[in-house]
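Participant: Have a look at this one before I ask anything.
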Amino acid sequence: MTNVLFIESGVFGGGSFTSLLKHLAVLDQDRIKPTVVFFNDNDFIQPLRDKGIKVYIVTDSVFSTAHARSVPQFFNKLFMKGYWRLSVIPLLNFLHQKSIREIERICLT
């Protein structure tokens, strides 16, 4: 059995959510065990759980709308617009350190 982690950073739906649902619908769950991480509460969580898919909600300082903080969002905007010229990895580690730890724990379970 192969474990596959899907991470959705969107807020409430759209093309990426639709694509994720289509992928999950055609997976051979006898061979692939999907796990889904969302950064925001949404209407797709319970239907996925009802299908036996493990679903987690992880708090992220940039992508979780209920917990977003202004400083990480500011640095993320600098990165996304190409203004951040230093090494990107330390910035991303700083911005997403809590969610990275939560996702690491999910992967180890």
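The values are calculated or read from the model by the stated rules, or taken from the named source; none is laboratory data. Computed from a prediction, not measured in an experiment: that's the story for all the values here. SASA here: full protein model, heavy atoms, side chains in, ligands and nucleic acids out. Shrake-Rupley method; radii C 1.70, N 1.55, O 1.52, S 1.80 Å.
Participant: Could you list, in sequence order, all residues of the range 32-64 that are of a type in the set (D, E, K, R) and under 21 Å from LEU92 (Cα atoms)?
Facilitator: Result: ASP60, single match.
Participant: Still on this structure, I have one more. Restricting to the range 82-109, and then to whatever is at pLDDT 75 or above and of a type in the set (D, E, K, R), can you tell me which residue is least open to solvent (accessible area, probe 1.4 Å)?
Facilitator: GLU102
Participant: Considering the range 12-51 alone, what residues qualify as being open to solvent by 60 Å² or more (accessible area, probe 1.4 Å) and outside any helix (DSSP H, G or I)?
Facilitator: If the condition is that a residue be open to solvent by 60 Å² or more (accessible area, probe 1.4 Å) and outside any helix (DSSP H, G or I), then PHE12, ASP28, GLN29, ASP30, ARG31, LYS33, ASP41, ASP43, LYS51 are the ones that fit.
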